[in-house]
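For reference, the structure is listed below as structure tokens.
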Amino acid sequence: MSFIASGKIMLLRLAGRIARIVTLPFALFGCSGPEFLSLTVSRSGITVHEDLAYGADARQKLDLYVPDKLTGKARLLVFFYGGGWNSGSKDGYLFAIRPFLDAGYVVAVPDYRIYPQAHFPDFVDDGALALRWLVDHAGQYGAAIDRIYLAGHSAGAYNAMMLAVDGRYLAKVGLDTRRIAAVVGLAGPYDFSTRTADLAPIFAGAPDAATQPINLVTPGRPPIFLGTGDGDTTVYPRNSQRLAERVQQSGNEVELKIYPGIGHIGLITAMTPLLKGRAPVAIDTLDFLARH
């Protein structure tokens with residue numbers, strides 16, 4: 001074996017060990033996991049406007065990340081984090097959005113109401129309200145607000161997808177889904193049972209026809225990127241596979257990527273520069289968005 005090949009193997013093994021170390025806080029400490037991983041990411045070259053209120057509730061706030069060197073109006077991306085609709089915080093997601101910032105996007109990360117304070121569809125309504133605020137105010141921070149990109153992981157991918165496929169939420173705040181340029185859903189639940197013990201209280205008996213993105217896809221929806229790992233046992237890959245089939249059948253554009261050996265948390269941690277070698281999630285999503 002050559003020295004170069006041996007070195008590559010050692011680097012891959014080291015990356016795997018690092019991945020296990022940095023993802024441990026996700027399982028043990030909830031929102032401290034993202035904050036821990038974001039400590040590995042440089043904050044240089046960006047300005048963060050924190051706790052911008054888009055509504056009256058304490059959780060209706062967002063952080064807006066703006067690259068320091070903008071030439072003209074920048075594309076605006078809204079990233080929704082996961083947490084099972086009962087946990088999570090906007091703090092510490094720099095690790096996941098840094099690739100978008102490096103590509104010149106202005107990025108918003110909203111908090112949203114969660115269970116037990118909130119039930120379906122409160123968290124989706126909050127996403128729509130955050131978009132309304134951004135349309136009204138993000139222009140003064142250097143963002144172009146005529147077309148908005150959405151992205152999310154896990155429950156956040158669900159929130160983003162609901163805004164894209166069900167026009168009623170944006171309509172409530174005077175917007176239209178045509179304002180959404182494209183959507184990135186990473187390890188999202190799109191075709192699942194809300195009758196399980198952990199989800200039944202959150203969705204409060206709402207019918208599948210109203211809660212499942214797969215049942216709400218119609219022609220004329222924005223282009224959709226779906227990423228999932230074949231090792232995901234939290235949100236099974238079939239959610240993305242089935243939604244991709246439905247989107248294609250409805251005549252909309254969709255791109256599905258299944259990453260070998262990647263689990264639920266591994267998919268989003270692969271966005272960070274430290275772990276990008278595990279799967280080309282950042283490259284694939286940025287390429288998809290650049291084409292729209």
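Side notes on the structure shown:
- Most mobile of Leu77, Leu274, Leu226 in a GNM of the chain (Cα contacts under 10 Å): Leu274
- Distance between modelled label sites at Ser193 and Ala58, nm, 7 Å Cα→Cβ extension: 3.6
- Scanning the chain for long hydrophobic helices, with DSSP H runs required to stretch 18 angstrom or more by C-alpha along their axis and to average at least 1.0 on the Kyte-Doolittle scale, returns 3-29.
- Model label points for Glu253 and Arg291, set 7 angstrom from Cα along the Cα-to-Cβ axis, are 0.7 nm apart.
- Proximal charge balance of Gln248 [Cβ under 13 Å; K/R count +1, D/E count -1]: 0
- Rounded to the nearest 5, the antiparallel percentage of DSSP beta bridges internal to the chain is 30%.
- Added length on full extension, which subtracts the Cα-Cα distance from 0.36 nm per residue, Glu245 to Ala144: 33.2 nm
- Portion, in percent, of the accessible area of the range 53-183 that falls on carbon or sulfur, probe 1.4 Å: 48
- Charged side chains reduced to their Cβ positions (Lys and Arg at +1, Asp and Glu at -1) give the chain a dipole of some 620 debye around its Cα centre.
- Calculated FRET efficiency for the pair Ile283/Gln117, C-beta based, R₀ 41 Å, to 0.05: 0.65
- The reciprocal of the average 1/r between distinct C-alpha atoms defines the Kirkwood hydrodynamic radius, which for the chain equals 19.2 Å.
- Using the Cβ-Cβ distance between Val173 and His49 with R0 set to 22 Å, the FRET efficiency works out to roughly 0.55.
- Extension gain, His137 to Thr218: 0.36 nm times the residue separation minus the Cα-Cα distance gives 26.2 nm.
- Taking the centroid of alpha carbons for each part, the range 204-226 and the range 158-174 are 10 Å apart.
- Here the dipole of the range 129-221 is about 200 debye; that uses its Cα centre as origin and unit charges on the Cβ of Lys and Arg (positive) and Asp and Glu (negative).
- Point-to-point label distance, Lys69-Leu39, nm (Cα→Cβ direction, 7 Å offset): 3.0
- Solvent-accessible surface of the chain, taken per residue with a 1.4 Å probe and all protein chains present: 43 Å².
- MRE, 222 nm, helices only [DSSP H, n ≥ 4, -39500 (n - 2.57), over the chain, to nearest 500]: -11000 deg cm²/dmol
The values are calculated or read from the model by the stated rules, or taken from the named source; none is laboratory data. This is a predicted model, so every value here is computed, not measured. Cβ coordinates were reconstructed from backbone atoms using ideal geometry, including for glycine residues, and neighbour counts include every protein chain displayed. Keep in mind that these areas ignore ligands, DNA and RNA; they rest on the heavy atoms of the full protein, side chains included. Shrake-Rupley method; radii C 1.70, N 1.55, O 1.52, S 1.80 Å.
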